[in-house]
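Following: one structure in structure tokens, then a few remarks.
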Amino acid sequence: MTDPTPAAPRPAGFVPGADRSVAPAPADLALPVAGKRLLTAADGTALRVGDLPADTDWIPLGSLDGVPAWAAEPAGAQELPGRWRGWASLAAEVPEPLATLAGRALTVVTWRRTHRWCGACRAELVDVPGESARRCPGCDLYVPLRLSAAVLVAITRPGPAGRPDELLLVRHSYGPTGLWALVAGFVEGGETLEAAAHREVGEEVGLALDRLTYFGSQPWAMSGPGVLLTGFTATAADPAAEPVVDGRELAEARWFPLDGLPAELPPAYSISRWLIDATATGARR
Ligand SMILES: [Zn+2]
């Protein structure tokens, strides 16, 4: 039994939603999007619906600490006052729930722009009320906002006798090549997260895994809209095995002692870094 309350508490944090039944209010949060960039106030805080032109076509995103949030692709976006920047720059600066909300704004706006027509019969799709989904009025095809899942694995092995455990880090051949990162890859259709983790590690560094354990997940707007990163920890099945890179996707893979990790690690707002930090901290306990 719970005590009756006069009003439902306002949900804390970010809650996704797609409710268009209530019109945006001037004090609601506003996340204008242009291409891959988002607009905030000059001081980096989120804009409000009232800051933008009254004829803006708002797209529901859900709520942040109970305040409804809306995205838009405003006309004449470049003339709007404020600060345009990519998701990575924003996520590095703003508190986590707002970074997640900004990622959803990019995801929803991009999805709507790239899912206008039915892929089966070419009719124009219509919104499904209350859902992040569209439906074809011609053939009834249901088109939900789909996520691309990716896996990341923090692989450890026992260090030499009397030394701390070691963590496997890799350098990619493209993208931020100076960064020491975790083995990662996209999940294939028909594959479980766990199977993808084993397959990617096998393909990228030629290692077999033991004790694969789920760590957590993070929506990630940097590698494209709708990417969901899932993190795992694991140990190398053969502690003596050395990684072998293909030289195409990966340039280098190396074991690092947990008390001697390189400085060039993924950013603090990434699940990659949370995994690395948790692995390093756990080993010191
Ligand atoms: Zn159709």
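A few remarks follow.
- When Glu188 is tested against (1) farther than 14 Å from Ala154 by Cβ; (2) at pLDDT 95 or above; (3) within 17 Å of the chain's Cα centre (by Cα), just one condition goes unmet, and that condition is (3).
- With respect to the conditions (1) buried (at least 17 other Cβ atoms within 10 Å of the Cβ); (2) within 16 Å of the ligand (Cβ to nearest atom); (3) more than 21 Å from Gly226 (Cα to Cα), Leu167 falls short on a single one, namely (2).
- Look at (1) over 30 Å from Ala88 (Cα atoms); (2) away from the ligand (no atom under 16 Å from the Cβ) and you find that Cys139 fails only one, number (2).
- Any chance Arg113 is within 30 Å of Asp259 (Cα to Cα), surrounded by fewer than 16 Cβ atoms within 10 Å (Cβ to Cβ) and basic (Lys, Arg): no
- The single residue among Leu207, Leu212, Leu250, Leu229 that is at pLDDT 95 or above and within 27 Å of Gly86 (Cβ to Cβ) turns out to be Leu229.
- Among the residues listed as Leu106, Leu125, the single one being within 11 Å of the ligand (Cβ to nearest atom) and open to solvent by less than 60 Å² (accessible area, probe 1.4 Å): Leu125
- Checking Ser173 against (1) within 16 Å of the ligand (Cβ to nearest atom); (2) touching a residue at least 24 places away in the same chain (Cβ under 8 Å); (3) of a type in the set (Gly, Ala, Ser), the condition it does not meet: (1)
- Of the numbered criteria (1) open to solvent by less than 30 Å² (accessible area, probe 1.4 Å); (2) within 16 Å of the ligand (Cβ to nearest atom), the one Trp180 fails is (2).
The values are calculated or read from the model by the stated rules, or taken from the named source; none is laboratory data. Here the structure is a predicted model, which means the values were calculated and not measured. Cβ: placed from backbone, ideal geometry, glycine included. Neighbour counts: every protein chain shown. When the accessible area is computed, the model is the full protein with side chains, heavy atoms only, and any ligands, DNA or RNA have been set aside. Shrake-Rupley method; radii C 1.70, N 1.55, O 1.52, S 1.80 Å.
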